[in-house]
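See below for the structure under consideration.
The values are calculated or read from the model by the stated rules, or taken from the named source; none is laboratory data. Small disclaimer: the values here were computed from a predicted structure and weren't measured. Don't worry about glycine lacking a Cβ; one is built from the backbone with ideal geometry, like all the others, and counts go over all protein chains shown. Surface areas here come from the heavy atoms of the whole protein model, side chains and all, with no ligands, DNA or RNA. Shrake-Rupley method; radii C 1.70, N 1.55, O 1.52, S 1.80 Å.
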Amino acid sequence: MQRVQQVGDVVGRWFPVIVLVAGAVALAVPGAFEGWTSAVPWLLAVIMLGMGMTLRPVDFAYIARRPQAFAIGLCAQYVVMPSLGWLLTVLVDLPPEIAVGVILVACAPGGTASNVMVFLARGDVALSVAMTSVSTLVAPLLTPLLVLLLAGRFLPVSPGSLFLSIVQVVLVPVVLGFLLRRWAGGFVDRVTPALPLVSVLGITAVVLAVVAGSADSLLTAGLAIAAVVAVHNLAGLALGYGVARAFRLDLGAARAVSIEVGMQNSGLAATLGTVHFGPAAALPGAVFSVWHNVSGAALAGYWSRRPVTPEPAGATVDGADR
């Protein structure tokens, strides 16, 4: 298992490049991955099972310790990115399926790689884990409603169907993983080193399936999709940080909120697009999978060289916890 962990560490460092190469291969020979689309929900379910296996009851204790910081971060998660996604679809003339894909990314919960990025950025990891966990758990309710509100003008949206899909591929696997950790901790401890590798392989397979299934759409609108995704992500990172500081969260918490807001569960967005709207609707999620890992790693690297200095207790929300 140590060898698997070493391989996973290497693959994790090169993840953006691996996914980019996978996308290029799928674009060049889409026929080689014909039929993979049906596996996309199962791939995401495996990834979310792994996420659930990393959760512990103590991860939710942060909510009781710093409820204001948590509430500010969670509200920013489900307000900033959906608002930005809607604005981008208003400003940029995109095909309806791709516009819906942008909204799906915007309304997704926090990304599974965000906790690692926050750790590297010397941010508040406990806040990051709490935001990722709770935003994922409330996604079956909030994501369908937001998609209905923001994307209904492009294509018909069935919030009930979206709710069932998110329960099946997100909520059930996460809860099952959490219960496995409680009831079979020894087994989970043995397989945990392999989880990063499984996640990378899963997302790579999702990108292969999505790009191969919508190669024509990507060739005609690829630059527009890439531009919208980059602006969406960068604006989310900036506004997440700005909102946190405007509400007087300390620097560590602000870094966590920034990365949590800017990094979305793009695998979920790609899955929902594939299942409910067509392959083209999954493209923004696939592109986001590559881009937000590049931008997140770059931002984390920048912040890692700038240690968080303690601030006066009265200058920040819950400053006494610093």
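Any idea what the relative contact order of the chain is, in percent, if you count C-alpha pairs under 8 Å spaced at least 6 apart?
Details: 525 pairs, mean separation 106.9, N = 322.
For the chain, the relative contact order is 33 percent.
Give me D for region 94-200 in µm² s⁻¹, whole number, from Stokes-Einstein with Rh from the Kirkwood sum over alpha-carbon pairs, 4 °C and 1.567 mPa s. Could the numbers behind the result be given before it?
On the way: Rh = 15.7 Å.
The estimated diffusion coefficient comes to 82 µm²/s.
List, in order, the whole-Hz ³J(HN,Hα) value for each residue of region 102-107 obtained from phi through the Karplus relation with A = 6.51, B = -1.76, C = 1.60 and θ = phi - 60°; use x for Gly and Pro.
Each residue's phi maps through the Karplus curve to give 5, 5, 4, 4, 4, 9 Hz.
With θ set to phi - 60° and the Karplus curve 6.51 cos²θ - 1.76 cosθ + 1.60, what are the ³J(HN,Hα) couplings of region 36-50 in order, to the nearest whole Hz, using x for Gly and Pro?
The phi angles translate into 6, 4, 5, 8, 4, x, 5, 4, 5, 4, 5, 4, 5, 4, x Hz.
At 0.692 mPa s and 37 °C, plugging the Kirkwood radius over alpha-carbon pairs of region 193-245 into Stokes-Einstein gives what diffusion coefficient in µm²/s? Could the numbers behind the result be given before it?
Working: Rh = 13.6 Å.
The diffusion coefficient I find is 242 µm²/s.
May I ask for the net charge around residue 282, where only other residues with Cβ less than 14 Å from the Cβ of residue 282 are counted and Lys, Arg are +1 while Asp, Glu are -1?
That works out to -2.
Expressed as a whole percentage, what fraction of the accessible surface of region 180-322 belongs to carbon and sulfur atoms when a 1.4 Å probe is rolled over the protein heavy atoms? Before the final figure, lay out the partial values.
Numbers: 3690 of 5540 Å².
Carbon and sulfur: 67 percent of the exposed surface of region 180-322.
Farthest toward the dipole's positive end in the chain, which of 281, 75, 252, given Cβ charges of +1 (Lys, Arg) and -1 (Asp, Glu) about the Cα centre?
Result: 252.
In sequence order, what are the phi-derived ³J(HN,Hα) couplings for region 122-127 according to the Karplus relation 6.51 cos²θ - 1.76 cosθ + 1.60 with θ = phi - 60°, rounded to whole Hz, with x for glycine and proline?
6, x, 7, 5, 4, 5
For residue 32 and residue 64 in one chain, what is 0.36 nm times their gap in residues minus the Cα-Cα distance, to one decimal in nm?
Numbers: separation 32, 0.36 × 32 = 11.52 nm, distance 5.03 nm.
Contour length minus Cα-Cα distance gives 6.5 nm.
Ignoring ligands, DNA and RNA, what percent of the 1.4 Å accessible area of region 93-146 is carbon and sulfur?
On the way: 1190 of 1620 Å².
Taking all protein chains in place, region 93-146 shows 73 percent carbon and sulfur surface.
Starting with the highest mean, order 262-270, 174-182, 187-195 by the number of other Cβ atoms within 10 Å, averaged over the residues of each peptide.
Details: 262-270: 29.9, 174-182: 17.1, 187-195: 15.3.
Highest-to-lowest ranking by the protection proxy: 262-270, 174-182, 187-195.
Looking at the P(r) of region 149-228, how many percent of alpha-carbon pairs lie beyond 17 Å?
More than 17 Å apart: 71 percent of the Cα pairs in region 149-228.
Taking a probe of 1.4 Å, how large is the accessible area per residue of region 181-248, in Å²? Can you show the working numbers first?
On the way: 3250 Å² over 68 residues.
About 48 Å² of surface per residue is accessible.
Could you pull out every residue, at least 5 positions away or on a different chain, whose amide H is within less than 5 Å of the one on residue 264? Hs are placed 1.01 Å off N in the peptide plane, and Pro or chain starts have none.
Close amide H contacts, sequence-distant or interchain: 111.
What does the charge add up to near residue 238, with Lys and Arg as +1, Asp and Glu as -1, over the other residues with Cβ less than 13 Å from its Cβ? Before the final figure, lay out the partial values.
On the way: positive: 245, 255; negative: none.
That sum, taken over residues with Cβ under 13 Å, equals +2.
Using only C-alpha positions, report the orientation-averaged shadow area of the convex hull of region 26-78, nm², one decimal.
Details: hull surface 24.3 nm².
Orientation-averaged projected area of the Cα hull: 6.1 nm².
PRE reach from residue 175 (point 7 Å along Cα→Cβ): which of region 50-72 fall under 15 Å by backbone N?
52-53
Just the accessible area per residue of region 26-110, please: how many Å² with a 1.4 Å probe? Show your work: numbers first, answer last.
Values: 3580 Å² over 85 residues.
Accessible area per residue, region 26-110: 42 Å².
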